[in-house]
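The structure appears right after this line, and notes come after that.
Just so you know, all these numbers are worked out from the coordinates, no wet-lab data involved. Worth saying up front: this structure is predicted, and the values here are computed from it rather than measured. Quick reminder, even Gly has a Cβ in these numbers, built from the backbone with ideal geometry, and neighbours come from all protein chains shown.
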Amino acid sequence: SVFFNSDSRSACRLLEQLEQQCTLPRYPTPAQLEAVRQRQDMCRNLRVPALALQLLRLPFKTRTTAAGVLAVYEKQLVLVQACYDFLTAFCIGNPHNQGIVFHAFSTFMVHMGIV
């Protein structure tokens, strides 16, 4: 599919790596907390969340299953999941980042089928 080409796979890998860098351990020490916050700040300054949100706003290529259910192609879901995983790690423990991502609430509602 044109949607999931080598650039999309690269974006997926990058988002997965950044998600790992922004993930807090279950019981972080003050030093670990500070290191993760610095990496979250770096991602914010590089506008990585804006990229992830732009990817989430791309139209999905869909199909109707035999049961009449609208389904998104699996390859697209991999990229969408990478975006959501990164945004989750980016926001955990960081109210400033939560405020940035909150502005995309309408996109999240569309994905959940509410709007």
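Couple of notes before you dig in:
- Using θ = phi - 60° in the Karplus curve 6.51 cos²θ - 1.76 cosθ + 1.60, the 3J(HN,Hα) couplings for region 80-95 round to 4, 5, 4, 5, 5, 4, 4, 4, 4, 5, 4, 8, 4, x, 9, x Hz; x is entered for Gly and Pro.
- For the pair THR107 and ARG9, label points projected 7 Å from Cα toward Cβ lie 2.4 nm apart.
- Rough spin-label spacing in nm, given labels placed 7 Å along Cα→Cβ, for HIS96 and LEU46: 1.7 nm
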